[in-house]
Amino acid sequence: MRIKHVVALLALVIVVPASASFATPAVPTDPAVAKLSALHGHAFDVAYLQAVIPVGDESVEMAMTATLYADHPDLLHWNQNFTEREHTQIQKAVALLGELGSAPTQRNEGVATAPVKKLRTLRGPALERTYIALMTQHLDRTVAMSKLAAQKADRPELRAFAAGAAAADGKDSATLRGWLTAWYH
């Protein structure tokens, strides 16, 4: 009788982890989100703002580049609205960071980062497909960090700022994905 229990227990030890790995595939975590998850209080607030500011800067640079070389009027109009809104959001983030007694550790405003350089070499449909893929990655990254900040931030105004950023960027990401599907698939 004991042998049957031992065999049954061994079977569970082998089968349960294997079936668990099939049921829920591992989702890679963004390193910035993982780093933020480990922080609390003032340190979290500062790190969140220092992480989203350069991503926002780079997003604006990409949008400005795409505006020069994209074809679809909807995308051109979206870029104009996005850059205006994103500039305001970045200015608010920098101000909040200053209120916390800190400053950005990195700025990508006016910087030709690798994604911006890549976009500058493309035109028309090739540019739009690449741009939308890059921009949705940026937006999704900001959404993930901002959702975390909306829950964990120490200061209420930062939680409100993060919740607004997550909502706006999530909506923008969905819009861009919809266009990518409608135009190129």
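The values are calculated or read from the model by the stated rules, or taken from the named source; none is laboratory data. Note that the structure is predicted; figures quoted are calculated from it, not measured. Backbone-built Cβ (ideal geometry, glycine too); neighbour counts: all protein chains shown. Surface accessibility is based on the protein's heavy atoms, side chains included, excluding ligands, DNA and RNA. Shrake-Rupley method; radii C 1.70, N 1.55, O 1.52, S 1.80 Å.
Just a few scattered comments:
- Selection count, segment 6-53, where residues are among the hydroxyl-bearing types (Ser, Thr, Tyr), assigned to a loop (DSSP other than H, G, I, E, B) and at pLDDT 50 or above: 1
- Candidates Arg85, Arg159: the one that is charged (D, E, K, R), part of a helix (DSSP H, G or I), open to solvent by 50 Å² or more (accessible area, probe 1.4 Å) and without any contact (Cβ under 8 Å) to a residue 12 or more places away in the chain is Arg159.
- The set of residues in segment 130-145 that are touching a residue at least 60 places away in the same chain (Cβ under 8 Å) and either open to solvent by less than 40 Å² (accessible area, probe 1.4 Å) or not charged (D, E, K, R) (or both) comprises Tyr131, Leu134, Met135, His138, Leu139, Thr142, Ala144, Met145.
- Subset of segment 129-163 [within 18 Å of Gln50 (Cα to Cα) and among the basic types (Lys, Arg)]: Arg141, Lys147, Lys152, Arg155, Arg159
- Residue count for segment 99-114, restricted to those that are more than 21 Å from Ala162 (Cα to Cα) and either open to solvent by 40 Å² or more (accessible area, probe 1.4 Å) or assigned to a helix (DSSP H, G or I) (or both): 3
- Hits in segment 115-129 - residues which are over 16 Å from Leu75 (Cα atoms) and either touching a residue at least 60 places away in the same chain (Cβ under 8 Å) or part of a helix (DSSP H, G or I) (or both): Pro115, Val116, Lys117, Lys118, Arg120
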